[in-house]
Amino acid sequence: MSTILDLVSHISWWGWLLIGLALVAIRDVFFQKQHTISHNYPIFGHLRYLFESIGPEMRQYFVANNREELPFNRIERGWIYASAKKENNYEGFGTDRDIYQHQHIFINNAMMPFKLPENHPNHEDKSFLPCAKVMGEFHKRRRPFRPASVINVSAMSFGSLSAKAIESLNKGVKIAGAYHNTGEGGLSPHHSHGGDVIFHFGTGYFGVRSEEGGFSMDKMIKLVENNPFIRAIEVKLSQGAKPGKGGVLPGAKITKEISEIRGVPIGVDVLSPPNHKAFSNIPEMVDFIEKIAEATGLPVGIKAAIGKLEQWEELADFMVATGKGPDFITVDGGEGGTGAAPPSFADHVSLPWVYGFSDLYKMFKNKGLSERIVFIGSGKLGFPAKAAMAFAMGADCINVAREAMMSIGCIQAQVCHTNRCPSGVATQSKWLQSGIDPTLKSERLAQYFKTFRKELIEITHAAGYEHPCQFTMKDIEMNIDDHSLSNKLHSTFAYEKTSVPFLGMQNLKDCLYLGHHPK
C-alpha cells in the first residue's frame with residue numbers, strides 16, 4: 001500500500017492531466033453512446049460542443065456587424081442602454097443603416113416644424129406625452145383611464161421575470177408616469193410599488209383562479225378593491241410568441257412564492273391551456289368582458305396576435321349590433337416574445353405587427369368602431385421612429401417588453417427559458433438576480449421612457465404636429481424597393497386611420513382620468 005501511495009505522490013501535475021484525459025477518452029469510446037462525434041474523436045470532439053455553446057456570444061460581440069443581429073441589433077440595444085443611462089445616444093457621420101432596404105421607414109417632415117405656444121405643458125416637462133384617448137369612455141365605465149404615457153411596460157409575468165426585475169419595472173413606471181402590465185402570472189407584491197397597473201390574465205386565470213381552475217369573479221372584485229392602483233383589466237386571447245398555444249413557465253422557475261401566487265405546484269412546468277374556460281364564442285366573450293367591467297368599474301380590453309380575421313369580423317359585427325365590447329385592444333406582433341416558446345410557433349404562427357395591426361384596424365375602421373377603442377401596439381415598437389409609424393397606422397399607445405428589459409440590464413443572452421439569465425432579469429435564481437439594484441434600474445427604465453417620449457415629441461414637431469395621434473398614413477413612407485416604388489402607408493396598407501379628437505396637450509394634462517404623472 002505504501003508503495004502505491006509513494007508512486008502516486010511522485011506523479012507530476014501533467015501526469016495527472018494525461019491520466020484524466022485518458023479516462024475521458026476511455027469513457028468516450030467504450031461507455032457513452034449518445035454523441036457520435038466524441039466517440040469517433042475522443043477528447044477533441046468535446047471542443048465542438050464547447051464552441052457551439054459559446055457561438056452566440058462570439059457572434060454577438062466579435063462577428064456580427066452593428067445592424068445584422070436579431071431580435072435587436074447592436075445599434076438598437078446601444079440606443080436603449082444609452083437612453084436609459086442618460087448618456088449620449090447620438091450617432092456621428094451619418095446613418096450606417098441601409099436606408100434603401102425593404103420596409104425602411106421615412107417620416108415626412110414639415111417645411112416649418114410645430115412651434116410650442118407659451119405655457120405649453122412640454123415647456124415644463126419635455127417628455128409629457130399622455131394617450132389622446134380615454135379607456136372606457138365610450139362604454140361609460142365607472143372608472144375610465146387615460147394612460148399618462150404613450151409608452152408603457154408590456155405583459156411580462158412575475159415568474160418569467162425575476163422579483164427584482166418586476167420591482168424595478170414598477171418603480172420605474174411610477175417615476176415615468178407610465179403603466180405596468182402584470183402579464184398572466186398574477187399580481188405580486190413586486191407589482192405594488194406605486195405604478196399604475198393593468199391586470200392581465202390568460203387561460204390559467206392566475207390571481208383570479210377558482211378552486212376548479214376556472215375564473216373567479218369574487219377574486220377579481222376583491223383584487224381590484226384591495227389594489228386601487230389597478231386601472232384596467234386585460235384578457236389575453238393569445239400572444240405573439242406562441243398564439244394558440246397558451247403560456248409556458250418552466251418548472252425550474254417556479255419558486256414557493258410563485259407557486260402561492262399562481263396556485264400551482266413547485267418545480268412542475270406550467271402549461272396554460274390554449275382555450276378559455278370562461279367563454280367559447282364571441283357573444284360569450286363580450287358578455288364576460290361586460291360582467292367584469294360592471295363588477296369592477298374598470299375598462300376591460302383584450303390582447304391577441306392576429307392571424308385569421310373571420311372571428312374578428314364577427315366580434316366587430318357584434319359590437320356594432322350591441323354597442324358592447326372591449327374598451328381597448330392590444331395587438332401583439334408575431335415577432336414578439338420574452339419567454340419560452342417552440343421555434344415553430346415563434347417563427348411562423350401569427351402575423352408580424354404591421355400586417356396584423358393594419359388588417360385588424362382597417363376592419364374596425366370600416367365598421368365605424370375605431371373611435372371607441374384604444375388601440376395598443378406591441379411588437380418591437382420601442383423606438384421613436386417605429387412608434388411614429390404605429391401612431392400613423394392608428395395605434396394610441398405602445399407597449400414594450402424586451403426594450404424595457406434591456407433598459408434594466410438585459411443583454412439579449414436569449415436564455416430566458418433556462419432560468420440562467422446572466423443579467424438576473426429573467427431568472428428566479430437568487431444569486432443571479434442579486435446583481436439587480438431596483439433603485440438604480442427603476443431610474444434607468446424611467447429615463448428610457450422619458451428619452452423615448454422626448455424624441456417622439458421632437459419627431460412629431462418636425463412633422464408639424466403637436467401630438468403623435470395627429471400623424472396620418474400620408475406622413476410616413478415605407479420602402480418597397482427604390483423610391484419610385486416606395487409608398488405612403490395609406491397606399492401600402494389601403495386605409496386611412498380615423499382622426500383622433502385632440503384639443504391640445506393642456507387638455508390631456510387637465511383630464512380627470514389621467515393616470516399617475518409626477519408633477
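The values are calculated or read from the model by the stated rules, or taken from the named source; none is laboratory data. Being a predicted model, the structure only gives us computed values, none of them experimental. Here the Cβ positions follow ideal geometry from the backbone for every residue, glycine too, while neighbour counts run over all protein chains shown. Just so you know, the surface numbers come from the protein's heavy atoms only, side chains and all, with ligands and any DNA or RNA stripped out. Shrake-Rupley method; radii C 1.70, N 1.55, O 1.52, S 1.80 Å.
Looking only at residues in the stretch 259-307 that are part of a helix (DSSP H, G or I) and open to solvent by 70 Å² or more (accessible area, probe 1.4 Å), the one that is modelled with the lowest pLDDT is Glu260. Restricting the first member to the stretch 505-516 and to residues that are surrounded by 17 or more Cβ atoms within 10 Å (Cβ to Cβ), and the second to residues that are of a type in the set (Ser, Thr, Tyr) and outside any helix (DSSP H, G or I), the beta-carbon pairs closer than 7 Å and six or more apart or on different chains are Gly515/Tyr179. Residues that are crowded, with 23+ Cβ neighbours inside 10 Å and either at pLDDT 95 or above or not in a loop (DSSP other than H, G, I, E, B) (or both) within the stretch 241-258 comprise Leu249, Lys253, Ile258, listed in sequence order.
Taking the stretch 78-118 as the search range and keeping residues that are at positive phi and in contact (Cβ under 8 Å) with a residue 40 or more places away in the chain, which one is most open to solvent (accessible area, probe 1.4 Å)? For the stretch 78-118, the residue satisfying everything is Lys86.
Only one of the listed residues (Thr451, Thr460, Thr418, Thr427) is surrounded by fewer than 20 Cβ atoms within 10 Å (Cβ to Cβ), among the hydroxyl-bearing types (Ser, Thr, Tyr) and either under 28 Å from Lys236 (Cα atoms) or at pLDDT 95 or above (or both). That residue is Thr418. If the condition is being small (Gly, Ala, Ser) and not in a loop (DSSP other than H, G, I, E, B), then the stretch 151-168 contributes Ala163, Ala165, Ser168. Looking across Val425, Val354, Val400, one residue alone is in contact with a Gly (Cβ under 7 Å, 6 or more places away or on another chain), more than 23 Å from Pro130 (Cβ to Cβ) and of a type in the set (A, V, I, L, M, F, W, C). It is Val425.
Pairing residues of the stretch 374-400 that are on the phi > 0 side of the Ramachandran plot with residues that are among the hydroxyl-bearing types (Ser, Thr, Tyr), at Cβ distances under 8 Å and at least 6 apart in sequence or on separate chains, gives Gly394/Tyr361; Gly394/Ser370; Gly394/Thr498. Look at (1) modelled with pLDDT of 95 or more; (2) over 20 Å from Asp396 (Cβ atoms); (3) open to solvent by 10 Å² or more (accessible area, probe 1.4 Å); (4) not hydroxyl-bearing (Ser, Thr, Tyr) and you find that Glu477 fails only one, number (1).
Let's see how each residue does on (1) farther than 28 Å from Leu514 by Cβ; (2) part of a loop (DSSP other than H, G, I, E, B); (3) open to solvent by less than 30 Å² (accessible area, probe 1.4 Å):
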{"residue": "Asn170", "(1), (2), (3)": "no, no, yes"}
{"residue": "Ile175", "(1), (2), (3)": "no, no, no"}
{"residue": "His180", "(1), (2), (3)": "no, no, yes"}
{"residue": "His193", "(1), (2), (3)": "no, yes, no"}
{"residue": "Thr203", "(1), (2), (3)": "yes, yes, yes"}
{"residue": "Gly213", "(1), (2), (3)": "yes, yes, yes"}
{"residue": "Asp218", "(1), (2), (3)": "yes, no, no"}
{"residue": "Glu225", "(1), (2), (3)": "no, no, no"}
{"residue": "Gln239", "(1), (2), (3)": "yes, yes, no"}
